[in-house]
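A short write-up of the structure that comes next.
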Amino acid sequence: MKARYRYRCYPTKCQQLALSKLFGCVRRVWNDTLAYCIEEYKVGNKKPKNADLQKRFITQAKKTKDREWLKEVSNIPLQQSLNDLEQAYQNFFKSCKGQRKGKPVRPPKFKKRRAKQSARFRQGGFKVHENSVYLAKVGKLKIVWSRELPVAPSSVTVIRDSAGRYFLSFVVEIALDSLPETNSNVGIDLGIKTFATLSNGEKIDAPKPLKKSIQRLRRLSKNLSKKTRGSKRYERARIRKAKLQAKLKDTRGDFLHKLSTQIINENQVIVLEDLNVSGMMKNRKLSRAISDLGWRQFRTLLEAKAAKYGREFQVISRWEPTSKVCSFCGKRAGKLDLSIREWICLNCETTHDRDINAAKNILVAGGHSDTLNGRGGKRQTSVKEAAPCETSTRPEFIQLSINEIA
Ligand SMILES: [Zn+2]
């Protein structure tokens, strides 16, 4: 299994210049080739072969007057960039033909100077040392090994993010190291107020870095919008904003990494509800809170870590009625308004916390539950039981809102 290990690195002023030059060359080769491919499509030709493109836009371009500066950087990242372009096109074609799962893939785009920059070196173009990493025609970059690199990497990508920070990202082949099996399974309900509620009753709040710094971010954005594009002041304001955004992203990533590791360590089966995040992002009111909390990143992390450590990860359909079914006896309640945080099932008289009940149902819907009292094993959560209007008119359930309890 392939994994990425990312470290911060600190190039000297001189190396920063060399890297700028390298990023510029990679960008130029990519953009030249992409423009050519687009032109070829317009006249009805097929996509040219990768080998021909490499010859034309790297080897031969170096011999021309206005591209001879391509010689000043290592050839490896230039070739890698065209391999990446090839891959980007393949993904796009496969997506068009419906041969690729997930969201539709867009065609490759031109690279911009102000965005995140990267260049990839494969073996032969870099060497790992004790406190540094050598990159061809750039030199030895000082690196901080925040954790150990497990094996020799097969490639390394040097990255400069929009806040001007540098990173080295290594690809390594790692063995699947199964964790010792456990008996506990968990269902997770994700929410806005409480980030995650576990079926064992645990509630986890997210640090809300974006909410805390939202005023600051808003001020920086406003400040940036007043500056003239391309001016020195604009650039300074842009970097200030990018730095704050980078910090927020790091805080969130750190929280999600720790939480997902803990959940994977403690449980054999992890069941999550599919939230349709992209559909929710269209709701502008919710979008900020949602992107802040990073549900999507959380799901990706759980999935990857489950695969790495031999755990079972399941996603259940978001149409399962997880919040309005009693997790103890399986009886359906009527429509529960979002403001109702606690309710009592009239069938078995259990008092439910809305989120914990939902988390328990998510675990049951995944086909794994420790508490199957009176449920006769796996419950089939079908929507057929009763029409929604019918259930809501039957006075079977008492609903208590938080105010009523307090
Ligand atoms: Zn009940």
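Observations, loosely collected:
- Cα shape, region 79-166, gyration tensor, a/c 1.5 rule: prolate
- Counting only DSSP beta bridges whose two residues both lie in the chain, roughly 80 percent are antiparallel.
- Cα-based Kirkwood hydrodynamic radius, region 164-219, one decimal, Å: 16.0 Å
- Summed over qualifying helices (DSSP H, 4 residues or more, each -39500 (n - 2.57)) and divided by its residue number, the chain shows a 222 nm mean residue ellipticity of -13000 deg cm²/dmol.
- Each of Val171, Val26 was scored by other Cβ atoms within 10 Å of its Cβ. Listed from fewest to most, they are Val171, Val26.
- Fully extending the segment from Glu148 to Arg318, taken as 0.36 nm per residue of separation minus the present Cα-Cα distance, adds 57.3 nm.
- With respect to the chain, whose longest principal axis is taken over its alpha-carbon atoms, helix 354-365 is tilted by about 80°.
- Long pairs among Lys13/Lys116; Lys49/Lys101; Lys2/Lys46, criterion Cα-Cα beyond 30 Å: Lys2/Lys46
- Helix 75-96 axis, angle to the chain major axis (alpha carbon atoms, nearest 10°): 40 degrees
- Computed over the chain with a Gaussian network model linking Cα atoms closer than 10 Å, the most mobile of Thr182, Thr64, Thr350 is Thr64.
- Size estimate for the chain follows the Kirkwood approach: the inverse of mean 1/r over distinct Cα pairs works out to 25.2 Å.
- Order of Val325, Val364 - criterion: other Cβ atoms within 10 Å of each residue's Cβ, fewest first: Val325, Val364
- Taking Cα atoms only, the orientation of helix 232-266 departs from the longest principal axis of the chain by about 50 degrees.
- Considering only alpha-carbon pairs that sit under 8 angstrom and 6 or more positions apart, the relative contact order computed for region 26-113 is 36 percent.
- With a threshold of 30 Å on the Cα-Cα distance, the over-threshold entries among Lys103/Lys232; Lys21/Lys63; Lys21/Lys142 are Lys103/Lys232.
- Gyration tensor (alpha-carbon) shape descriptor, region 2-173, a/c threshold 1.5: oblate
- Of Arg165, Arg147, Arg113, the residue with the greatest mean-square motion in the GNM of the chain, using alpha carbon springs below 10 Å, is Arg147.
- Cross-link partners for Lys324 among the lysines, with Cα-Cα distance under 23 Å and sequence neighbours closer than 8 places in the same chain left out: Lys193, Lys203, Lys335, Lys360, Lys378, Lys384.
- The mean sequence distance of close C-alpha pairs (under 8 Å, at least 6 residues apart), as a share of the length of the chain, puts its relative contact order at 15 percent.
- Likely footprinting exposure, Lys13, Lys212, fewest C-beta neighbours within 10 Å first: Lys13, Lys212
- Alpha-carbon centroid distance for the pair region 1-71 / region 92-121, whole angstrom: 15 Å
- Residue among Asn361, Asn223, Asn45 with the largest mean-square fluctuation in a Gaussian network model of the chain, springs linking Cα atoms under 10 Å: Asn45
Taken together, the values in this text are just the output of simple stated rules run on the coordinates, not laboratory data. In this text the structure is predicted, and so the values were computed from the model without any measurement. Backbone-built Cβ (ideal geometry, glycine too); neighbour counts: all protein chains shown.
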